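Since the structure comes first, as structure tokens, the remarks are kept for the end.
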Amino acid sequence: MPGTSAMLLRRVHAVRAKLLRVALIHGLARLVVAAVLLVGGGMLLDWALNLPQEVRGLLCVGYVAVFVALIWQGILQPLMEQPDDDTVALMVEHGESGFRSRLIASLQLTRSDLPEGVSEDLVEKMVSDTEKMAKPIDFGRVVPMEAMFAALALSLVLAGAGGTLYKQATDGEVFLRRAFMGSDEYPFKTKLVLVPEDGVIAVARGEDVTIKAIARGERPSAGQVLVYFNEGSEDHEIRELPQVESSGDSATYQLMEKNVHQSFRYVVKVNDGRKEGSVVVRPRPKVAVLNCVEAFPEYTGKGEVKRNVRGQQIGSVLKGSTLKFAVEPSRAVKEAKMRVHYSDGTEDREVEAKIESGRDGKPGMILADLRADNERIVSVSFFMEAEDGILSMDEARFRLGVEPDGKPMVALSSPPDLLQVTSRAYPQIRFRVKDDFGLSKLELKYRIDDGVEKTIPVSLPPRSGEEYDRGGLDFDLDKLEEKPTEGSLIFYRLVATDNNKDTGPGVGISRVNRLEVVSAQVKELALIKRADRIIQRIKLTQGDQEKAREELAEILAALARIRDEQNPENRSPNPDN
């Protein structure tokens, strides 16, 4: 088998390499043309129309799709799908008709064993003749290059023109970044920033609203505000937006819209700068539901009791209690304070409140505690700032009265004032005691004539609710440190002290009664005279007789008691006497 011609193979491989170069240059040129036209066109549209980010995003997707298609078709495919030797040989024969199939036959017959009946000498002769014929011929002429040159020329022209425009354009870099989804703002000659930056202004119904913008760059003396009251409609009103301040490289433009009752959309225009915003009318926050728990002082033993708030009336609360408020606002709030109001014009006191966030669309809760330690407190109110900055106004005042813990009530029942007693008597003192939350001690205070007042502890009687059972004690004069003498007066009173350790203690004092110390003879004589008076006024009616018998029985018992008092061996205090 004759060997393959090395010269013919080199010539064929050279053609294939040229085909690849031409294809790659053509593909790159087309890619440059597409990039300049697409990206440049998108930048031009953005410059003319200030395209929104969504539109620029769609264009960017289109750019990428076209670039991927051109890279696949003009670069990747030529690299991966290069023609074989036979295909290139056929291409050369089509371009150079003088070969008349000799070129492809010379390659194919020398590549493998010869078929039967084919003379090896004849094949060698054909290869030799083909080589001689190929020497003066430029195989590269068969590669078409017109389309490549046209695309290359167009790409160079467009790239040059685009580069020149890009360099001369003031904001070329900005538009290029915007074309590929950059976050740059549109490069207006006048750059606007709204206050607040998002342009959303929340305002309470009936309040004035200020539309404010800060401009940089070209700053005319006034701009415009386009106000759109109807949602979805392009009908609008035009307001002049005057420049109110200028400093350095910026100017402030401001417009006040008074007594706003309706939400609206607005557009601020200063020179070529344009910004959109909206005014949202919302209700002021207020108290929707108020819950109050009164935590009584520890000494009362009552713990915590929920108050029944009727309208705006909390009612009377015990001084020293702590009121725990849980307020549900009408809207979600970011800040709240409880204001405490006084009856005498004292400046309102503010108490910090805790905010609990709501869930499932609920506005949350405002928690605040108030210690009711001042009787001049007459009401509380709640100041609130909503999450959008709207403040409460003319807050509802919830009225309350701080009542002090009342003093104990002490009343002497018997004996009567100026009762005559002997120096060895033990008169029984009867009394009634009442207090809301219990006593800590009960004392008998006494003095003899102008002497020093002294104290005798008294046991507390059993208690039923606020009242104690009627009590009594034997005032044994014979056991006093200072013995009373005949003719002296003993002044005595009961003093009750409650167990109020928070705002007290409260002290209740009975009236002052007196005991006149006399001799046993004088006391007996007085009793006998009293008995004589009773006998003298007895009438014949059965009722008078019964009453007289009772009084006489008392006198006889008193006489017996006097005799017992004078005899130390018989002295035995008896509460029933």
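Miscellaneous remarks
- Alpha-carbon gyration tensor eigenvalues x 5, square-rooted, for the stretch 392-542, Å: 42, 21, 13
- Paramagnetic label reach from E207 (point 7 Å along Cα→Cβ; backbone nitrogen cut-off under 20 Å): within the stretch 282-310, residues 282-288.
- Kirkwood hydrodynamic radius of the stretch 149-293, Cα pairs, Å: 18.5
- Fewest-first ranking of H341, H26, H236, using other Cβ atoms within 10 Å as the exposure measure: H236, H341, H26
- Inter-probe distance in nm under a simple model that places probes 7 Å from Cα toward Cβ, at W72 and E453: 11.1
- Each of Y342 and V309 was given a label point 7 Å from its Cα along the Cα-to-Cβ line. The distance between the two points is 2.4 nm.
- Alpha-carbon centroids, the stretch 212-252 and the stretch 150-165: separation in whole Å: 42
- FRET efficiency estimate (nearest 0.05) - Cβ-Cβ, L37 to V267, R0 45 angstrom: 0.85
- Compactness of the stretch 265-400, taken as the C-alpha radius of gyration over 2.2 N^0.38 Å, stands at 1.35.
- Inter-part distance where the stretch 447-489 and the stretch 297-348 are each reduced to a Cα centre, Å: 44
- Ranked for footprinting exposure by Cβ neighbours inside 10 Å, fewest first, C292, C60 give C60, C292.
Taken together, the values in this text are just the output of simple stated rules run on the coordinates, not laboratory data. Quick caveat: nothing in here was measured; it's all calculated off a predicted structure. Virtual Cβ from ideal backbone geometry, glycine too; neighbours counted across all protein chains shown.
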